[in-house]
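Asks: This structure is in structure tokens; I'll ask about it shortly.
The values are calculated or read from the model by the stated rules, or taken from the named source; none is laboratory data. Everything numeric here is computed off the predicted structure, so don't read it as measured data. All Cβ positions, glycine included, derive from the backbone under ideal geometry; neighbour counts span all protein chains shown. For accessibility, only protein heavy atoms count, side chains too; no ligands or nucleic acids. Shrake-Rupley method; radii C 1.70, N 1.55, O 1.52, S 1.80 Å.
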Amino acid sequence: MPRRNSTSYTAMIAGLSRSGFVAESRKVFDSIPPFEQNVYSWTAMISSYTHNRQHMDALKLFSVSYGEFFPWILPNSFTFSTVLKSCLEEGSLVMAMQLHGLIVKILNEQDKENVFVQNCLIDLHGKLGNLGDAENVFNGLTWKDLSTWNVMMDSYARNLMIVKALAIFDSMEEKDTLSWNIMISGFAECGRGIEALEFFLQLCRLQGPGTYPNSSTFTLAITICGTYSMLKTGVQIHACVLKRGLTESNSYTGNSLINMYMKCGSIEESERLFYDMPRRDVISWNSLILCLGQNGHSKKAIEMGEKALSLGIYNHNTFIALLTSCSHGGLVDEGIEYFGAMSKSSGIEPFLDHYVCVIDMLGRAGKVVEALNFLRKMPISPNAIAWSTLLSASLVHGNKEIGEVAAHELRILEPSNSASYVMLGNLYRKTGHFEDSKQILELMNKIDLKKEKGISWTL
């Protein structure tokens with residue numbers, strides 16, 4: 001081009017960003033003459049980082065450039081919404097508070113055109129657990145659109161404040177499908193699955209404009225049925241899904257059905273669903289592998305896992321499913337082989353969850369000493385789940401010495417968790433050390449630590 005203006009530079013940055021060429025878009029940004037630089041090119045470059053998941057770079061660019069551009073170039077509502085997204089992805093509450101203060105100074109809170117920035121602020125504070133500021137933003141708004149109400153309701157629901165979320169829902173003059181989905185999900189997260197399904201049924205009966213159950217609604221309902229082993233209700237919802245043709249167009253719904261039938265013990269139905277799916281993604285394969293492995297079909301699960309690996313349809317969860325299948329089937333040698341092949345053959349570095357799976361596999365097979373040695377050699381610091389898994393294995397196989405080590409480490413990580421005391425007490429009783437078991441119970445009473453009551457379902 002013989003001549004370039006600010007629009008040319010901005011368009012070039014946006015085009016490169018959409019194609020994933022972030023470094024090239026930054027070169028274009030840095031080449032903009034000072035007199036052609038404006039808020040649009042600045043926002044485009046920040047969006048380039050955000051769109052390509054380089055969130056810290058987006059925050060750094062905003063922070064550095066703000067000092068250079070002020071007061072000639074000020075961020076607008078689109079700049080702030082983009083930066084807030086990166087801030088949320090980084091999980092930085094400190095940066096969130098600083099951005100909030102800047103938004104108050106620069107933008108007019110009562111301007112109807114800026115309401116989406118306020119919605120982003122509510123969402124940011126809510127997801128970072130800062131509900132006080134989320135409420136302050138919400139209550140201070142003169143203009144509220146449907147998204148404002150939904151975001152505030154979601155903030156309460158995700159923080160398990162379902163009563164406040166319900167109060168928001170009941171006070172809304174206008175609701176859409178997302179409003180209902182937030183409440184269904186909120187009730188489910190709070191362990192109130194029956195009420196969640198009641199909301200689902202209410203939505204199905206409404207079927208008015210903008211309040212028609214979508215694939216996300218059905219996925220939520222199916223997941224709840226799986227969690228509470230409500231096979232009969234799950235089959236009825238499955239029929240509704242088939243009538244709407246959702247399994248053909250949406251893999252998420254099909255995957256949730258596979259998981260639901262798996263948790264209800266209907267292995268054949270899970271397999272049939274898998275093979276009937278027109279499009280199978282990595283979650284579909286992982287779900288079926290885990291389904292087979294956890295229900296006593298470990299060798300078949302490994303066969304499916306080998307197919308997934310040969311087709312290149314795998315991720316870190318595929319190996320969790322394979323290791324879990326080996327653990328449930330007592331296939332220790334195969335499990336160790338898969339664990340070793342993760343980084344060497346598949347290029348996936350083991351996470352803490354993979355190490356816990358190996359500890360569980362060794363423990364189930366009675367190799368408690370090997371499990372402890374493996375845990376101590378981990379390059380990652382073991383968490384409470386790892387030590388709890390080892391303690392549980394020690395209890396099953398009556399290994400008092402290793403059980404004491406695991407219980408000690410677990411009490412350090414979670415001093416108020418009664419499980420370590422209860423399992424150690426049971427281990428002492430199992431190995432004939434009744435006086436030690438009595439001392440554990442006395443210690444629990446002394447520090448006022450009580451075992452949580454178990455909950456069972458009668459089907």
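Asks: Given the criteria part of a helix (DSSP H, G or I), open to solvent by less than 30 Å² (accessible area, probe 1.4 Å) and free of Cβ contacts under 8 Å to residues at least 60 places away in the same chain, does L273 qualify?
Replies: Answer is yes for this residue.
Asks: How many residues are open to solvent by less than 30 Å² (accessible area, probe 1.4 Å) and in contact with a Cys (Cβ under 8 Å, 6 or more places away or on another chain) if we restrict to region 331-371?
Replies: Matching residues across region 331-371 total 4.
Asks: Another question, if that's okay. Working carefully through the options D133, D154, D123, find the one that is closer than 21 Å to T211 by Cα, of a type in the set (D, E, K, R) and free of Cβ contacts under 8 Å to residues at least 40 places away in the same chain.
Replies: Exactly one of D133, D154, D123 is closer than 21 Å to T211 by Cα, of a type in the set (D, E, K, R) and free of Cβ contacts under 8 Å to residues at least 40 places away in the same chain, namely D154.
Asks: Please pick out the residue among T148, T142 that is in a helix (DSSP H, G or I) and either under 24 Å from S92 (Cβ atoms) or among the hydroxyl-bearing types (S, T, Y) (or both).
Replies: T148
Asks: Identify all residues within region 205-243 that are in a helix (DSSP H, G or I), under 22 Å from F169 (Cβ atoms) and over 26 Å from the mean Cα position of the chain (by Cα); write none if there are none.
Replies: R205, L206
Asks: Please enumerate the residues belonging to region 86-139 that are hydroxyl-bearing (S, T, Y) and part of a helix (DSSP H, G or I).
Replies: S86
Asks: Tell me which residues, restricted to region 151-166, are open to solvent by 60 Å² or more (accessible area, probe 1.4 Å) and either part of a helix (DSSP H, G or I) or of a type in the set (K, R) (or both).
Replies: Of everything in region 151-166, those that are open to solvent by 60 Å² or more (accessible area, probe 1.4 Å) and either part of a helix (DSSP H, G or I) or of a type in the set (K, R) (or both) turn out to be R158, V163, K164.
Asks: Further question: Give me the residue from region 60-75 that is under 15 Å from P34 (Cα atoms) and hydroxyl-bearing (S, T, Y) and, out of that set, surrounded by the most Cβ atoms within 10 Å (Cβ to Cβ).
Replies: Here the residue is S65.
Asks: Among G101, G132, which is under 24 Å from L160 (Cβ atoms) and either open to solvent by 70 Å² or more (accessible area, probe 1.4 Å) or not hydrophobic (A, V, I, L, M, F, W, C) (or both)?
Replies: Step by step, each of G101, G132 is checked, and only G132 is under 24 Å from L160 (Cβ atoms) and either open to solvent by 70 Å² or more (accessible area, probe 1.4 Å) or not hydrophobic (A, V, I, L, M, F, W, C) (or both).
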